[in-house]
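Some notes on the structure that comes next.
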Amino acid sequence: MSRLVNASLGRRQFVTRAGALLFVVPVAGVGLGSLLGCDSEGASASLASTAAQPSEPDPKSLSWKTKIVADTEPGEPLVVTGRFFAAGGKTPLEGVVLYFYHTDARGLYSERDGNGPPDPRIKGWLKTDAEGRYEFRTIKPASYPNSRIPAHIHAKATAPGAAEQWIEEFWFEGDPHIGVQSLEHARAAGQFSNVMLIKRGAGGVLNCTRDIRLK
């Protein structure tokens, strides 16, 4: 692959060419997902582990609500809400610090895409309240250009006294790139499905809800 993509190739070109290669030739078993950091069904581990992760802010300064984009950010305004629960799925978790990031309306993390690990521009932190609630306001991310990877939001969570853990990506119902098996997996998760129903509210704002059960 290194012979096909030189060091100066920007991420936009890289993703475009990688998307084309997906249907032409697998490189030693490495598909588009491995090249981009996600597989076609949205596994987050590869990209999440390589993306630039800025230092976490002081948890004391965090609220359970946050807005991470300016009103002028291109794209459809999106509000995601939900609650965090312990492994049993019954006990709300207070004080969970959530770090999350995603692409912009073009499907890019930043203008630096293609020059090293992804350096997300749209990102944020929050901390759940006594009821385990969280809410963040952003824009709906786009899938990578010319790819078959679902639009998604990466996230990791750290509960008090526990190690941080990457959680399943936030996906959006109706995304044509979500496969049948992934949809079945999401339905089986019931309340804790990572595929979010989209409701359009006042002013065209998209509203999604996702409850999360930590391991």
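The values are calculated or read from the model by the stated rules, or taken from the named source; none is laboratory data. Quick caveat, the model's predicted, so the values are computed rather than measured. Every residue, glycine as well, gets a Cβ built from its backbone with ideal geometry; the counts of neighbours run over all protein chains shown. SASA here: full protein model, heavy atoms, side chains in, ligands and nucleic acids out. Shrake-Rupley method; radii C 1.70, N 1.55, O 1.52, S 1.80 Å.
A 1.4 Å probe run over the protein chains yields, for segment 98-215, 45 Å² of accessible area per residue, whole-number rounding. Protein heavy-atom surface of segment 117-215, 1.4 angstrom probe: 49% of the accessible area is carbon and sulfur, with nucleic acids and ligands not counted. A simple spin-label model places the labels of residue 67 and residue 55 2.8 nm from each other, with each point 7 Å out along Cα-to-Cβ.
With +1 on each Lys and Arg Cβ and -1 on each Asp and Glu Cβ, and nothing else charged, work out how big the dipole of segment 50-118 is about its Cα centre, in Debye to the nearest 20. It would help to have the intermediate numbers written out before the result.
Values: 7 positive and 9 negative charges, 70 e Å.
Here segment 50-118 has a charge dipole of around 340 debye.
Model label sites at residue 183 and residue 106, defined 7 Å from Cα along the beta-carbon direction, differ in position by 3.2 nm. Taking every Cα-Cα distance in segment 61-190 and sorting them into 10 Å bins from zero, the calculated P(r) comes out as 12, 39, 36, 13, 0 percent. Given the pairs 67/215; 90/156; 67/90; 65/127, which span a C-alpha to C-alpha distance of over 18 angstrom in this model? Long pairs (Cα-Cα over 18 Å): 67/215; 90/156; 67/90. Simple spin-label estimate for residue 192 and residue 94 gives 2.2 nm between the two label positions (7 Å along the Cα-to-Cβ direction from each Cα).
What is the dipole size for segment 94-215, taken about its Cα centre, with +1 at each Lys and Arg Cβ and -1 at each Asp and Glu Cβ, in debye to the nearest 20?
On the way: 16 positive and 15 negative charges, 37 e Å.
My answer is approximately 180 debye.
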